[in-house]
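The values are calculated or read from the model by the stated rules, or taken from the named source; none is laboratory data. The structure presented is a predicted model; accordingly, all values stated were derived computationally and were not measured. No Cβ is skipped: glycine too gets one built from the backbone with ideal geometry, and neighbour counts run over all protein chains shown.
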There are 2 protein chains.
Amino acid sequence: MPSKRRAANANGLIAALPRKDREHLLAGCERIELAFADVICEPGDRIRHVYFPVDGFISLLTPRDGCTSLEVGLVGNEGMLGITLMLGIDVSPFRALVQGGGVSMRMDAALFLRELARSPALQSELNRYLYVSMAQLAQTAACTHFHLLEARLARWLLMTHDRARADEFHLTHELLAHMLGVRRVGVTKAAGGLQRRKLIRYHRGNITILARNGLEAAACGCYRASQNVYDRFLGE
Amino acid sequence: MPSKRRAANANGLIAALPRKDREHLLAGCERIELAFADVICEPGDRIRHVYFPVDGFISLLTPRDGCTSLEVGLVGNEGMLGITLMLGIDVSPFRALVQGGGVSMRMDAALFLRELARSPALQSELNRYLYVSMAQLAQTAACTHFHLLEARLARWLLMTHDRARADEFHLTHELLAHMLGVRRVGVTKAAGGLQRRKLIRYHRGNITILARNGLEAAACGCYRASQNVYDRFLGE
DNA sequence: GTCGTTGCGTGCGCTAGCGAACGTAATGAC
DNA sequence: GTCATTACGTTCGCTAGCGCACGCAACGAC
């Protein structure tokens, strides 16, 4: 169940700021369009901008040996990309890949740091977001290790559903395989299982969520656990 | 290859501070003995103290369904326990389990926050430590998923060797199984492999590192990768 | 309509790790 | 010396996911 914050037609972190801080921050942002499959940065790259997604959403991946990789985070309109800047480090630890195209607010790195320095509310908000991100990272590590692919896939679809704000989104099995760190065939098999149970439908890269409830039942507890952590520290 | 910082007979984060900050911080610490197998805190617990290990080292675990669990971090004299306090959140995201007994510096949470506020050097140091911790978290997630148990075990032994600062330490297969998120038998098999190759020797809970070089060869690249991240952001 | 590309389905042999169970030797308490 | 406990060894059947390979239908470009 997405919290109110996520339902807002704006970035949740920004929306939660007091009016003055919010307006000052927004004044320094530019509105840009994220295009599906864009790679915003690679691990080790210098971070030149932070992103506050509004419509789009971004996967954080740790690449591994060229072809395979594993998703370790997902940034939608509840979060931001480039949070490590607030730790004073402008080197991206992850690959950032646009999973869902859409509008995003973008801000120059130096300007962001100035903004952060002048707004205690922003500091507090991002501190909490960083904490939640760390908790999710650990959760994902355990989930990836312990849970069956079908449950992990269901969880992934739910998390994406929350961020895509539409029942249908573009996503091939190949891409899902990269997120989940498995083979394409593995995804085909797991997705086939979910489709047979009428929880989703897909056709040539378009996935439709048919039954959220069913998906939640099929997903591992990690989805709920993540939601709880989020609501506790960033909810209203 | 442990960096100089780790070799020092003090906590590395504290040692790296300017003299005045260091002395002020140490004045607020008490020296306590960590006992093997102590559980310092459970996930969700309130954080009352931060710890800067000197001799001992501490595992960070995400529990799962009672019996199994997975290690997502390791804190030795290169790091600290309770870092999330600097994000303004006094709730532990992990279980903290003492893996190696020994001396540790401990500081009251509120005092730590005051200390942090007055020392920009400490802030910078801990910011960088937090960044490295996040990177390690992601690395561990990928490692746990992709690499074979024997390689993961080798990596774990190396990381522990770095922090134990002795070639022998107490550690049963059962405990290792909890760290690595696998069965006890799995550890027995993997450890048997390493022993047959004369890289380690063990007997009733005492593990001896015989050939570090060999272990490094047997470990997955994650060990080196972690070292590199550490050296880059916290090295000298 | 033709053709190359993309996205998905299927099948085959294989291995790592699982769960459960049992065995055994070392150790320590008494 | 006795006996329970601890720590490790081994076996058996099982399954999820792997790597590889081939097939096939939908789609877009022309």
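The requirement of being buried (at least 18 other Cβ atoms within 10 Å of the Cβ) and assigned to a helix (DSSP H, G or I) is fulfilled somewhere in the stretch A:201-220, by at least one residue.
Close Cβ contacts (under 7 Å, 6 or more residues apart or on different chains) running from residues in the stretch B:64-75 that are facing chain A (nearest Cβ under 7 Å) and in contact (Cβ under 8 Å) with a residue 24 or more places away in the chain to residues that are hydroxyl-bearing (Ser, Thr, Tyr) and in a strand (DSSP E or B) comprise B:70/B:62; B:72/B:62.
With respect to the conditions (1) of a type in the set (A, V, I, L, M, F, W, C); (2) at pLDDT 95 or above; (3) crowded, with 21+ Cβ neighbours inside 10 Å, residue A:185 falls short on a single one, namely (3).
Go through the stretch B:124-167 and report how many residues are polar (S, T, N, Q) and more than 11 Å from every other protein chain (Cβ to nearest Cβ). So the count comes out to 1. Go through the stretch B:200-222 and give me each residue that's more than 17 Å from residue B:164 (Cα to Cα) and in contact with a helix residue (DSSP H, G or I) (Cβ under 6 Å, 6 or more places away or on another chain). Within the stretch B:200-222, B:218, B:219, B:220, B:222 qualify.
Listed by position, the helices (runs of 4 or more DSSP H) contained in the stretch A:107-176 that have at least 2 residues being within 16 Å of DNA strand C (Cβ to nearest atom) and touching a Cys at 6+ places or on another chain (Cβ under 7 Å) are A:149-164. Does residue B:192 fit the bill of being away from DNA strand C (no atom under 11 Å from the Cβ), more than 30 Å from residue A:44 (Cα to Cα) and either buried (at least 21 other Cβ atoms within 10 Å of the Cβ) or among the small types (Gly, Ala, Ser) (or both)? Yes: the conditions hold for residue B:192.
Among the residues of the stretch A:157-204, those that are under 24 Å from residue A:96 (Cα atoms), within 13 Å of DNA strand D (Cβ to nearest atom) and touching a residue at least 40 places away in the same chain (Cβ under 8 Å) comprise A:170, A:178, A:179, A:180, A:181. Tell me, yes or no, whether the stretch A:122-131 has at least one residue that is within 16 Å of DNA strand D (Cβ to nearest atom) and surrounded by 20 or more Cβ atoms within 10 Å (Cβ to Cβ). The answer is no, given that none of the residues of the stretch A:122-131 is within 16 Å of DNA strand D (Cβ to nearest atom) and surrounded by 20 or more Cβ atoms within 10 Å (Cβ to Cβ). Determine whether residue A:219 is more than 14 Å from every other protein chain (Cβ to nearest Cβ), within 28 Å of residue A:64 (Cβ to Cβ) and near DNA strand C (Cβ under 9 Å from one of its atoms). No. Checking the stated criteria, residue B:22 turns out to be among the basic types (Lys, Arg) and closer than 22 Å to residue B:132 by Cβ.
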